[in-house]
Amino acid sequence: MTDTKHRLTLHVVVPDSLRTGSGVEVRPLVDGEDILADVFTEGPAEDPGRLLLPDGPLVAAVEPHEVRLAEAECTEGCCGALYVTIRRDGDHVVWSGWRDPDEDAVTLPDFRFDAREYEAEVERAVADHSWEWPARTVARLLERDLADRTDWLAR
């Protein structure tokens, strides 16, 4: 791994309403380049409802953890998925250990990000709901509210 620091941008892509079967995606851009575009074409990137959560999977910690960034349209078990291991390394966040269960090797290098810039970008993306349409906003807020009411089923 080199000491080159990269810049991460999390771009939410909302499909054209005329296309059926496509969903909202979080496309990670490293130095402005869509890193999934060439290495994983079997399906969409993950939905923001899975990746862009407070204290969600993109938050880096000293303990490395694996995050699925994309999954094949059919299923992961059929045509694969793309995983990365995210860890905090001092003043840096490292994306490494790229893996696709359906492939022998993934041709992506390790990426090193400035931790403060990385955290700011993840926080920005988590807080930005400008891409949501009204029904999606209602669903997100309802889901959060229901998750907070754990005592409902205890009665």
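The values are calculated or read from the model by the stated rules, or taken from the named source; none is laboratory data. Quick caveat: nothing in here was measured; it's all calculated off a predicted structure. Quick reminder, even Gly has a Cβ in these numbers, built from the backbone with ideal geometry, and neighbours come from all protein chains shown. For accessibility, only protein heavy atoms count, side chains too; no ligands or nucleic acids. Shrake-Rupley method; radii C 1.70, N 1.55, O 1.52, S 1.80 Å.
Tabulated values for the structure
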quantity: Base-10 log of normalised Debye intensity for the chain (one unit scatterer per alpha-carbon) at q = 0.12, 0.14, 0.20 Å⁻¹; calculated: -0.57, -0.76, -1.35
quantity: Antiparallel %, DSSP beta bridges [both residues in the chain], to 5; calculated: 95
quantity: Solvent exposure, largest accessible area first (probe 1.4 Å, DNA, RNA and ligands not counted), of ARG149, ARG112; calculated: ARG149, ARG112
quantity: 0 to 90° range, to nearest 10: angle between helix 115-127 axis and the chain longest Cα axis; calculated: 30
quantity: Dipole moment magnitude, nearest 20 debye, the range 107-146 about Cα centre, only Lys, Arg, Asp, Glu C-beta charged; calculated: 160
quantity: Förster radius 25 Å - calculated FRET efficiency between LEU29 and GLU63, Cβ distance, rounded to 0.05; calculated: 0.45
quantity: C-alpha long axis of helix 134-148 to longest principal axis of the chain, angle in °; calculated: 90
quantity: Compactness relative to 2.2 N^0.38 Å, alpha carbon Rg of the range 41-99; calculated: 1.20
quantity: Probe 1.4 Å, all protein chains present, accessible-area order of LEU108, LEU58, largest first; calculated: LEU108, LEU58
quantity: Accessible area of the chain divided out per residue, in Å², using a probe of 1.4 angstrom; calculated: 61
quantity: The range 87-155 shape via C-alpha gyration tensor axes, a/c threshold 1.5; calculated: prolate
quantity: ³J(HN,Hα) computed for each position of the range 3-9 - Karplus, 6.51 cos²θ - 1.76 cosθ + 1.60, integer Hz, glycine/proline x; calculated: 8, 4, 8, 10, 10, 9, 10
quantity: Net dipole in debye of the chain [+1 Lys, Arg Cβ; -1 Asp, Glu Cβ; about Cα centre; nearest 20]; calculated: 540
quantity: Apportionment of accessible area to carbon and sulfur, the chain, percent (1.4 Å); calculated: 51
quantity: Built amide H within the under 5 Å cut-off of TRP98, gap 5+; calculated: THR85
